[in-house]
Structure formats: structure tokens, C-alpha cells
Amino acid sequence: MTLENVVEADVLVIGGGIAGCFAAIKAREQGLDVTIVDKAYAGKSGGTRVAGFGYVVFNPEWGHDLDTWMNAINKKGEYINNREWTEIVLKESWTTYQALDSWGVDFTPESVKSIDPTKALKIYPPFAFVNLGLTRTGPPSRKQAVKSGVKIMDGIMVTDLLKQDEKVVGAIGFSPTSYDSYIFKAKATIVSSGIVNFRSVAEIANLTGDGETMAYRAGAELTSKEFPDEHVMPLVPTGCLCGEAISYANYIDAEGERIDLSHTHETRLALDFAFHAGEGPIFWDLDSATPEVIEKMCERQDHTPWRHEAVRSFDPRNRGKYRIAGGAWAGGQNSHTGGIWPINTKCATTLPGLYAAGETCGTRFLGADHPVPGFGLLGAAVTGSRAGLGAAEYALQAEEPTIDEEELARLKKIMNAPAERKGGFSPRWVTQILRNTMIPYFIIHIKQGERLQAALTIVEFLEDHLVPKLTAKDGHELRLAHETKNMVLHAEMILRASLFRTESRGTHYREDYPRRDDPTWLAWVKLREEQGRMKLFKEPIPKEWWPDLSKPYEERYPLRFPGE
């Protein structure tokens with residue numbers, strides 16, 4: 001390292017997506033000194049860069065009924081959503097929507113002031129879904145943060161949280177370009193750095209779960225790592241389309257036979273099983289689509305202006321057959337389910353001084369599955385707002401932070417180790433081994449105990465023998481080394497949580513346990529580090545949130561898993 005920079009703030013926000021910007025703005029509105037640090041570019045990287053298909057808005061003035069919406073989420077989330085958080089997010093959607101509109105976010109086709117609620121409800125009833133325009137949410141959110149007086153520091157990789165007397169008092173990181181090191185001292189710290197992604201084909205490959213792993217190493221509790229994101233995409237010339245849009249047409253196997261989705265739990269899981277049965281490759285078949293389906297798809301294209309030019313030029317009326325690719329967000333968790341466990345509705349964590357927001361905050365407000373697009377951005381805005389206010393409240397009462405010099409020296413040594421090591425393993429090579437281990441459908445989507453254990457054996461070997469010997473010849477490789485370490489730790493979390501939950505529910509499917517197990521698994525899985533080992537345990541769901549167990553299983557869960 002060349003220079004050591006010390007940055008002091010009342011509130012430090014790690015991650016500059018929509019959640020981070022909301023958090024920083026809210027904390028700044030309380031009169032505090034706030035800094036956002038992002039390893040890429042705040043407002044234009046990570047999940048915020050690709051999220052933007054739309055925004056869910058609950059508004060009783062549009063005729064929305066809270067119980068109807070809640071019941072729809074409860075059922076889709078298979079009764080393990082945190083209903084307190086579900087209600088909070090729905091009730092605060094209108095306020096965050098108005099904030100984004102005032103910041104200059106382009107909502108189409110109508111603005112918030114003149115929107116026709118029948119159009120908002122048209123696509124995903126009962127939910128009101130409003131499309132986003134070309135600006136999306138990131139750039140206007142960043143602009144508003146700067147306008148409010150938030151300091152933004154781009155291009156700095158944060159590697160670990162700093163603790164003093166069991167309280168989080170900041171973080172440590174470095175610049176991959178200048179090789180300078182940074183020490184951040186803060187009264188309160190908010191982690192909003194997004195999900196993990198195992199460097200797959202999606203546009204979020206820079207999301208490597210850094211915030212969650214930093215919190216885990218510092219002693220925070222995490223939750224719900226067993227529920228995977230299941231994005232798929234057709235390999236059309238456009239490069240990508242909304243996962244929901246591809247459900248408008250038929251899927252066929254390699255023999256041209258239509259894949260029956262009518263009795264399965266989840267479209268993408270059904271496609272995995274067709275492939276699992278040797279029927280691949282799988283194709284998205286527009287040739288067999290009815291004129292009504294084609295018209296519906298064209299309408300969807302017309303209301304998706306933010307996609308890049310290749311997508312906007314895609315014309316479903318040209319029909320065709322397009323091969324399906326899986327694993328678009330491999331490693332990611334079901335939206336707003338997994339993450340750092342919040343101990344209250346202010347997004348505080350089990351570590352004093354540390355708050356979480358966005359996909360990093362494990363609110364579980366959607367439960368075991370994601371109902372419709374638009375909830376991801378909504379949840380990020382709401383938790384960002386609450387984390388910012390909660391952190392500000394804490395910071396206003398906190399003493400000036402002090403740094404334990406021995407702890408700082410230990411973390412500096414860990415941060416710089418790959419650059420100082422003469423021999424060892426390339427982070428790119430270790431990442432490739434990790435991807436080969438975790439991304440196959442028979443590990444991450446169609447799970448089975450022995451296969452999960454076999455993958456865990458490999459991941460443990462990576463953690464014990466390869467990660468401690470990662471090397472870096474420059475600042476960029478040093479960043480890759482830390483990202484690789486974080487991805488490997490996430491893989492262990494995913495595998496252990498998947499082994500721990502001995503049932504199937506939502507996006508978590510166990511081939512050896514293909515049914516939901518009520519009431520045994522009406523619970524959340526939590527994990528934390530204890531004496532250098534990962535400990536997992538159950539957190540029971542309140543009985544008042546359980547489904548009616550007197551009803552037959554088939555009535556409680558009308559969608560079937562393969563093997564039931």
C-alpha cells in the first residue's frame with residue numbers, strides 16, 4: 001500500500017445502490033455527516049444497474065386491499081414470510097415511490113400524478129406494477145444523495161468491519177487502482193452491498209456478497225441462504241428478456257415435445273427437471289404461441305423501454321425457437337429473503353452499530369418465493385429508508401469511535417496478504433473451481449443430501465487450503481482475491497443451509513425430501529460463526545402466521561413439487 005487515508009463520518013454506508021442511497025439520504029436529513037463507499041460506481045453498478053423492470057406500489061386510493069395483497073404474498077411465500085415486514089413494505093411503498101418520482105426517476109407510461117391504476121394492475125394482479133423508464137433508479141438516487149450533502153467515494157473495496165468493545169465502529173478497505181488503503185471511522189455503519197453472484201452470465205457479476213461475509217466474520221447472524229434465485233433466460237439475439245415474459249410461450253424439449261408446467265411448483269424448476277431427465281436442450285418456442293400470446297408479449301416489450309437497444313428491437317412476431325440458459329443469477333438468494341438478520345424494524349443487526357439494507361437485509365418479507373417483479377426495488381427503498389433513520393438515531397447517541405490498533409493491524413495484514421504472498425493460487429482459478437462446483441443445476445436447484453455434502457467437501461477444501469494462499473500481482477487481483485474469499489464463504493452458507501432444511505419449500509427443493517414439512521419447518525434457518533465454525537439453528541415462525549393445518553396438504557399447497 002502507498003498511502004493510508006482515514007475517513008471519518010457519523011454514518012458510513014457500504015454499497016451505493018438504491019438501498020444505500022435511500023439510507024444515506026435519510027441519515028443526512030437528520031443533520032449527520034454521511035459517506036457512501038462503493039467498490040464500483042454508486043448508482044450505476046450491482047443490482048441497481050439491472051433492476052428496474054418496474055416498481056410495486058400499494059395504494060388504497062387505487063382500490064388496493066391490504067388483506068388481499070398480504071394473503072397473496074403469504075401463499076406465494078409458502079407461509080414463511082415475516083408478515084410484520086411484509087406489511088411495513090407494502091404500507092411504505094407509496095412514500096418511497098413519491099420520493100423516487102421527486103428525484104427524477106422516469107416512471108412510464110404515466111407519471112405518479114396521473115397513473116391509471118387499471119394499467120398498473122393489468123400485468124400481475126392483484127399487485128400494482130408500474131414500469132420504469134430509461135433512467136431507472138440508480139442515477140437519480142445518486143444525484144439526490146449528492147444534492148443532500150452525502151459524500152460518495154467510488155472504486156474502494158471494503159474488506160472488513162472494524163470493531164471496538166463488540167461494537168462496529170467502521171471498516172477497512174483499499175483502492176484497486178491507486179493501491180491506497182482506507183480506514184473508515186463511523187459511529188454507525190450500514191451494509192447495503194447486495195447479494196452474491198458466482199460470476200455467472202448475468203450483469204451482476206461484481207456482486208460477491210461482500211457485506212454479508214464481512215458481517216458474518218464480525219459476528220452477525222445471517223438467515224435463509226437455502227432459497228436460491230432462479231432466473232433463466234432465452235439465448236435470443238437480445239441477450240436477455242424478463243423471466244416472466246418467457247412464460248407467455250411454450251417450452252419444448254430436444255424432441256420438440258411440450259413440457260407440461262400445469263402441475264409443477266415452479267416453471268424454472270420444471271425446466272431443470274426436464275433437463276435432469278435427459279430431455280435437454282430446452283427451447284422457448286414462439287412458433288407455437290397463439291396470436292393472443294404474441295400480442296401480450298408485444299405489449300410487454302412496449303412497456304420495457306429501459307432495456308438496451310437489442311432488447312427493444314426484439315419483435316416476438318418474428319417467432320422462432322430460442323435455447324434456454326440457466327443460472328443467470330447463480331448464487332443469489334430469493335429476493336429479500338436471505339441476508340443479515342435484523343433484530344428490529346429499524347434494520348439493526350445483532351452487532352451494535354451495524355445496520356443492513358436492501359438485499360443484504362434478511363427481512364424475509366417475501367418468504368420462500370418471489371411473487372412478481374418490482375418487489376426487489378421496493379424492498380430496497382423501504383429498508384434503506386429505515387436503516388438510514390435507525391443508524392442516524394444510534395449515531396446521535398453514540399460516542400466518538402476509537403480504533404483498536406491491534407485489531408486494525410490484524411485486519412490490515414489479512415487485507416494485504418495476497419499481494420505480499422510470493423506463491424499460491426490465482427483468484428480467477430479458484431473462482432472457476434467454485435463455479436464448477438456450485439452452478440450445476442443438480443447442486444443449486446435440484447438438491448439432494450449426498451450431492452450437497454460432496455459439494456460442501458470441495459468448498460471446505462477451497463476454504464482451508466486454497467483461499468488462505470490466494471495471490472495478487474496488482475490491486476485489481478487483490479480485489480478479486482477478497483471477492484473470491486467471500487464467494488467461497490457464501491457457498492458454504494448455501495450448502496449448509498440447504499442440508500439443514502430437510503424439506504422442500506418455495507425455491508428450495510430437496511429431491512430426497514420433496515414435500516413441505518409442517519409444522520416442523522415453519523421456521524427460518526439462521527447461522528453465525530462460533531469458535532471458527534458455522535453454526536446453524538432454527539428460528540420458529542409465530543404460530544399466528546402458520547397456515548391452517550386442519551386443511552388438507554393439497555389445499556394449503558396447490559402447486560406440486562416433482563416427486564410428491
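Name the residue, out of Lys44, Lys39, Lys26, that is under 30 Å from Lys473 (Cα atoms), in contact with a helix residue (DSSP H, G or I) (Cβ under 6 Å, 6 or more places away or on another chain) and not hydrophobic (A, V, I, L, M, F, W, C). Step through it out loud before you land on a result.
Values: Lys39 fails: in contact with a helix residue (DSSP H, G or I) (Cβ under 6 Å, 6 or more places away or on another chain); Lys26 fails: under 30 Å from Lys473 (Cα atoms).
Checking each option against the conditions leaves just Lys44.
For every residue, the table says whether it meets (1) among the basic types (Lys, Arg); (2) within 13 Å of Lys469 (Cβ to Cβ); (3) touching a residue at least 40 places away in the same chain (Cβ under 8 Å).
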{"site": "Tyr394", "(1), (2), (3)": "no, no, yes"}
{"site": "Gln397", "(1), (2), (3)": "no, no, no"}
{"site": "Thr402", "(1), (2), (3)": "no, no, yes"}
{"site": "Leu408", "(1), (2), (3)": "no, no, yes"}
{"site": "Lys412", "(1), (2), (3)": "yes, no, yes"}
{"site": "Asn416", "(1), (2), (3)": "no, no, yes"}
{"site": "Gln432", "(1), (2), (3)": "no, no, no"}
{"site": "Asn436", "(1), (2), (3)": "no, no, no"}
{"site": "Phe442", "(1), (2), (3)": "no, no, yes"}
Residues satisfying the stated conditions in the stretch 1-47, i.e. within 19 Å of the chain's Cα centre (by Cα), β-branched (Val, Ile, Thr) and more than 16 Å from Ala188 (Cα to Cα): Ile18
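Any idea which of Lys473, Lys485 is assigned to a helix (DSSP H, G or I), farther than 27 Å from Asn81 by Cβ and of a type in the set (D, E, K, R)? Full working, then the answer.
Numbers: Lys473 fails: assigned to a helix (DSSP H, G or I).
Residue meeting the stated conditions: Lys485.
Restricting attention to the stretch 108-134, and to residues there that are under 23 Å from the mean Cα position of the chain (by Cα) and within 16 Å of Gly374 (Cβ to Cβ), which single residue is modelled with the highest pLDDT?
Looking at the filtered set, the residue picked out is Phe127.
Output the number of residues of the stretch 488-502 satisfying the condition of being closer than 16 Å to Thr337 by Cβ and either more than 21 Å from the chain's Cα centre (by Cα) or not in a loop (DSSP other than H, G, I, E, B) (or both).
Matching residues across the stretch 488-502 total 6.
Test Pro342 against the stated conditions and say whether it is more than 15 Å from Glu226 (Cα to Cα) and either at pLDDT 90 or above or touching a helix residue (DSSP H, G or I) at 6+ places or on another chain (Cβ under 6 Å) (or both). Even if it seems obvious, please write down each step before you answer.
Numbers: more than 15 Å from Glu226 (Cα to Cα): yes; either at pLDDT 90 or above or touching a helix residue (DSSP H, G or I) at 6+ places or on another chain (Cβ under 6 Å) (or both): yes.
Answer is yes for this residue.
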Checking Gly52 against (1) at pLDDT 95 or above; (2) buried (at least 24 other Cβ atoms within 10 Å of the Cβ), the condition it does not meet: (1)
Failed condition for Val459, given (1) within 30 Å of Arg516 (Cα to Cα); (2) in contact (Cβ under 8 Å) with a residue 40 or more places away in the chain; (3) of a type outside the set (S, T, N, Q); (4) surrounded by 22 or more Cβ atoms within 10 Å (Cβ to Cβ): (2)
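Residues checked against (1) touching a residue at least 60 places away in the same chain (Cβ under 8 Å); (2) buried (at least 24 other Cβ atoms within 10 Å of the Cβ); (3) hydrophobic (A, V, I, L, M, F, W, C); (4) touching a Ser or Thr at 6+ places or on another chain (Cβ under 6 Å):
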residue	(1), (2), (3), (4)
Ala19	yes, yes, yes, yes
Lys39	yes, yes, no, no
Val57	yes, yes, yes, yes
Glu61	no, no, no, no
Leu66	no, no, yes, no
Glu87	no, no, no, no
Some residue of the stretch 371-389 being surrounded by 23 or more Cβ atoms within 10 Å (Cβ to Cβ) and over 30 Å from Asn131 (Cβ atoms): no
Residue tally, condition surrounded by 10 or more Cβ atoms within 10 Å (Cβ to Cβ), free of Cβ contacts under 8 Å to residues at least 60 places away in the same chain and assigned to a strand (DSSP E or B), over the stretch 527-543: 6
Criterion violated by Thr402 - all others in (1) under 24 Å from Glu8 (Cβ atoms); (2) in contact with a helix residue (DSSP H, G or I) (Cβ under 8 Å, 6 or more places away or on another chain) satisfied: (2)
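The values are calculated or read from the model by the stated rules, or taken from the named source; none is laboratory data. All values derive from a computational prediction rather than experimental measurement. Cβ atoms come from the backbone with ideal geometry, glycine included; neighbour counts cover every protein chain shown.
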